[in-house]
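The values are calculated or read from the model by the stated rules, or taken from the named source; none is laboratory data. Keep in mind that what you see is a predicted model, and the values were worked out from it rather than measured. Positions of Cβ are backbone-derived with ideal geometry, glycine not excepted, and every protein chain shown enters the neighbour counts. Accessible surface areas use protein heavy atoms only, side chains included; no ligands, DNA or RNA. Shrake-Rupley method; radii C 1.70, N 1.55, O 1.52, S 1.80 Å.
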Amino acid sequence: MTDLLIRDATVIDGTGAAAYRAHVSLDRGRISGIHTDASPPAARRTIDAAGRVLAPGFIDMHAHSDLQLLVNPDHTAKVSQGVTLEVVGQDGLSFAPSDAAARAQLRRQIAGWNGEPDDFDLDWDTVAGYLDRLDGEIACNAAYLVPQGTLRLMVVGPENRPASAAEIAEMARLLRIGLEEGAVGMSSGLTYPPSMFADDDELATLCRVVAEAGGYYSPHHRSYGAGALEAYAEMIAVARASGCALHLTHATMNFEPNRGRAGELLEIIDAGLDDGVDITLDTYPYLPGATTLSAVLPSWSTSGGPDALLARIADPADRARIAHELDHVGTDGCHGCVTDWHTIQISGVRNLELSPYVGRTVAEIAAECGLAPTEVFFDLLVRDRLATTILQHVGHEENVQTIMRHRTHCGGSDAILVGERPHPRAWGTFPRYLARYVRDLGVLDLVDCVHHLTGRPASRLRLTDRGLVREGYAADLVLFDPDTVQDTATFEEPRQQARGIDWVLVNGVAVIEDGRRTDALPGRALRRTGTGTRPR
């Protein structure tokens with residue numbers, strides 16, 4: 001007698017193969033049988049799946065849940081979408097490895113991504129320690145990227161200067177240890193300090209370490225606006241020079257200079273693929289992006305860390321220089337574009353006195369206060385101690401649809417879970433793919449879309465037993481109604497659970513049952529090994 005039988009499902013197995021009808025049996029957290037005949041085995045429990053699709057659990061290739069997985073282990077935002085695996089450690093900034101000085105700066109610098117849980121103990125120094133902490137305490141599985149910016153912070157510090165040969169060697173040593181402890185690759189945030197201070201030789205040296213370990217490089221590259229095509233080409237050149245697999249994360253073409261130019265990006269990627277470079281990419285199915293308000297600053301102003309930045313904002317000459325670059329020149333933090341304050345909407349604040357500004361653009365606040373937008377900008381940064389988060393309304397629908405059709409495309413939410421009005425992608429990314437871009441618009445067909453969200457990212461992660469509905473594989477599964485699945489999260493009400501996703505199982509344990517969150521925490525840290533990625 002099997003533990004659980006999912007009866008009469010339409011199986012889309014994640015390989016891109018056609019859907020088929022079957023009964024799927026589960027035992028001890030794994031898929032024990034796929035039965036296409038009319039006589040499935042007896043089971044202790046049965047789920048009637050008639051009219052619904054059974055697919056592998058969705059893989060979020062770009063998540064910012066590094067602390068939220070632990071601080072708020074319910075994690076309904078993600079598991080209710082059908083997400084059974086997240087890749088964290090993104091954009092070059094996270095908490096492993098780290099030392100006391102790095103942790104102190106990171107708590108401040110990325111509070112807008114993770115919140116700032118003062119009573120939460122970051123009781124690890126290493127990648128191994130972080131992954132051990134995740135085991136048994138999280139709702140879905142997690143894989144980790146060593147953050148290049150954190151390595152630089154530990155070894156070089158927060159200053160804007162080239163790393164010495166000895167410093168690069170030390171970063172490579174720390175990276176190698178993190179990969180040996182189970183990280184699946186390395187990330188960078190090349191519009192965020194201190195990642196952005198690294199040159200291509202430094203990046204290529206570190207990427208060689210990643211390549212030797214069989215991991216991949218996931219850069220937030222230097223521009224998604226003016227100069228975006230050159231920034232993508234730079235990352236492909238780094239991958240070619242180092243022999244490292246490349247995953248272009250949140251691979252968008254944003255801001256006015258890139259309207260309708262997604263095809264040019266895909267030509268660059270296809271040329272790299274044809275030349276033997278191993279390239280994949282992920283996107284989110286929305287137009288606005290999300291980041292911290294401080295991210296739009298010019299890089300020179302951030303050198304030295306948060307206190308040095310706040311000192312420059314207080315200095316009249318530096319303040320005037322920053323304002324001029326924002327309004328008239330364009331900053332590297334704002335992707336080479338002059339800042340359009342009408343596109344920058346406040347989504348979250350730490351200082352509750354600033355809560356009335358949430359949901360409003362900097363331009364709207366400035367008009368009401370009778371101030372220049374840059375003065376509002378500086379005031380928010382200072383009063384909120386750099387923790388303000390924003391939505392940036394700079395995307396183009398044509399570009400979004402063109403890129404998601406690419407042969408190496410995967411899904412990633414890039415979701416920030418904290419703040420009063422987070423981006424709705426935190427709750428809606430994966431059902432939005434199924435509802436808007438499959439059922440409503442037909443940009444992808446259902447089988448192909450499931451492949452984008454499951455089997456293809458599993459291949460990039462070198463998962464040896466996940467990402468497919470296949471006998472012997474881990475029972476990370478989602479059961480949904482293709483006719484009713486729908487994201488309901490909006491920019492006004494972002495914390496809304498999707499409809500039509502009835503069951504989500506992680507390692508064979510239901511975290512969503514009949515549409516409701518259970519209290520189960522069956523997730524594990526997935527660690528890279530010499531032959532693939534699996535739990536310890």
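Some notes on this structure:
- Computed on protein heavy atoms with a 1.4 Å probe, the accessible areas place Asp121, Asp135 in the order Asp121, Asp135, largest first.
- Highest to lowest packing among 512-523, 426-437, scored as the average C-beta count within 10 Å: 426-437, 512-523
- Size descriptors for segment 239-303 (Cα atoms only): Rg and Dmax, in that order, 14.9, 40 Å.
- Long-range amide H partners of Glu159 with built H, under 5 Å: Gly304
- Here the contact order of the chain, divided by its residue count and restricted to Cα pairs under 8 Å and six or more residues apart, works out to 22 percent.
- Label-point separation in nm, Glu180 to Thr529, each point 7 Å along Cα→Cβ: 1.8
- Partnerless cysteines, meaning none of the other Cys C-beta atoms lie under 4.7 Å away, in the chain: Cys140, Cys334, Cys337, Cys369, Cys410, Cys449
- Quarter of Cα convex hull surface for segment 407-536, i.e. mean projection, nm²: 9.1
- Spatially, segment 8-44 and segment 381-408 are offset by 38 Å when compared through their Cα centroids.
- Expected-Rg normalisation [2.2 N^0.38 Å, Cα atoms] applied to segment 293-361: 1.17
- Long-range HN-HN contacts of Tyr286 with modeled amide H, under 5 Å: none
- Considering all different alpha carbon pairs of segment 4-129, the Kirkwood hydrodynamic radius works out to 17.7 Å.
- Rg in Å to one decimal, and Dmax rounded to a whole Å, for segment 134-234 via C-alpha atoms: 14.1, 44
- In nm, spacing of pseudo-spin labels at Ala166 and Asp74 (7 Å Cα→C-beta vector): 5.2
- Principal axis dimensions, largest first and in whole angstrom, of segment 170-305 by Cα: 41, 41, 25
- Gained length - Ala363 relative to Arg173, 0.36 nm times residue gap less alpha-carbon distance: 63.8 nm
- Once the chain from Arg108 to Asp121 is taken as fully extended at 0.36 nm per residue, the excess over their C-alpha distance is 3.2 nm.
- Comparing Cα centroids, segment 155-184 and segment 215-269 end up 23 angstrom apart.
- Semi-axis lengths (Å, descending) of the ellipsoid that matches the C-alpha gyration tensor of segment 251-339: 33, 15, 12
- The protection proxy used here, the mean number of other Cβ atoms lying within 10 Å of each residue, ranks peptides 38-51, 12-25, 451-464 as follows, highest first: 451-464, 12-25, 38-51.
- Over the residues of the chain, the helix contribution to mean residue ellipticity at 222 nm works out to -8500 deg cm²/dmol, using -39500 (n - 2.57) for each DSSP H run of at least 4.
- Accessible area of Trp124 in the full protein assembly, 1.4 Å probe (Å², nearest 10): 10
- Binned Cα-Cα distance frequencies in the chain - 10 Å width, integer %: 4, 20, 30, 27, 14, 4, 1, 0
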